[in-house]
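Below is one structure, written out as structure tokens, with a few remarks after it.
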Amino acid sequence: MTGVRNVRGGILLLCAGLGLGLLMSLYAFVPMIPKVPASLDGYDDLPRRLIRLAHIAAIMLPVINIALGGWLDRLALSARARETSSRLLLWGAAGVPLALLLEAVWPLARNLHVSAVPVLAFCGAVAAIAVGAWRMEIEAPGPSRRRRVSARGSQAEHEEESFFDLLHRGA
């Protein structure tokens, strides 16, 4: 179950992203640390903008992992493509914020565009997942099919939900 890995990893990375936001609050607006680095003095300075971008990536890319992780195992992709996409999503969600932070503190990393590698990996994984979703068999919206299932020996009526029912319900 590769999708479970993305949901769990996404939640852990989301916690780390929130922690980064708390650290940013130490120097933003009213500094709570005695000496703010000179590169973080100006609100519009490039290093500070890169740190803000890293924080945004540290929140949103894990959220995308959580959202796509629930669908990853159902997509019309080979097991290898699902596994690769899963790993690239997680690697990108961790790598993009780290690379942006590195670019914020080290000008050579900025000149080498080190954040491009995890960004391309993440985007490639999303593209592969989009292909798998496009090839997925989706039944048309309409009344749900009903089937009988046995619950502890007794017969109970249960609705089998369509893809659109799941989307509508937010599952």
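Identify the residue in the stretch 58-76 that is out of contact with any Lys or Arg (no Cβ under 8 Å at 6 or more places or on another chain) and more than 15 Å from residue 9 (Cβ to Cβ) and, among all such residues, is surrounded by the fewest Cβ atoms within 10 Å (Cβ to Cβ). Steps first, please.
First pass over the stretch 58-76, keeping only residues out of contact with any Lys or Arg (no Cβ under 8 Å at 6 or more places or on another chain): 58-68, 70-71, 74.
Narrowing the set further to residues that are more than 15 Å from residue 9 (Cβ to Cβ) leaves 71, 74.
Values: 71: 16, 74: 14.
In this case the residue turns out to be 74.
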How do the pairs read when you match residues in the stretch 12-35 that are of a type in the set (Val, Ile, Thr) with residues anywhere that are in a loop (DSSP other than H, G, I, E, B), using Cβ under 8 Å and keeping only pairs 6 or more apart or on different chains?
33/26; 33/27
Would you be able to tell me the number of residues in the stretch 81-103 that are surrounded by fewer than 21 Cβ atoms within 10 Å (Cβ to Cβ), within 19 Å of residue 135 (Cβ to Cβ) and touching a Lys or Arg at 6+ places or on another chain (Cβ under 9 Å)?
0
Extreme residue, modelled with the highest pLDDT, among residues of the stretch 20-54 that are part of a loop (DSSP other than H, G, I, E, B) and of a type in the set (D, E, K, R)
45
Meets criteria (in contact with a Leu (Cβ under 6 Å, 6 or more places away or on another chain), within 21 Å of residue 115 (Cβ to Cβ) and part of a helix (DSSP H, G or I)) for residue 62:
yes
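Could you tell me whether any residue of the stretch 116-126 is modelled with pLDDT under 95 and in a helix (DSSP H, G or I)?
Here is the first cut: in the stretch 116-126, the residues modelled with pLDDT under 95 are none.
No, the stretch 116-126 contains no residue that is modelled with pLDDT under 95 and in a helix (DSSP H, G or I).
The values are calculated or read from the model by the stated rules, or taken from the named source; none is laboratory data. Source: prediction; values computed, not measured. All Cβ positions, even for glycine, are placed from backbone atoms using ideal geometry, and neighbour counts span all protein chains on display.
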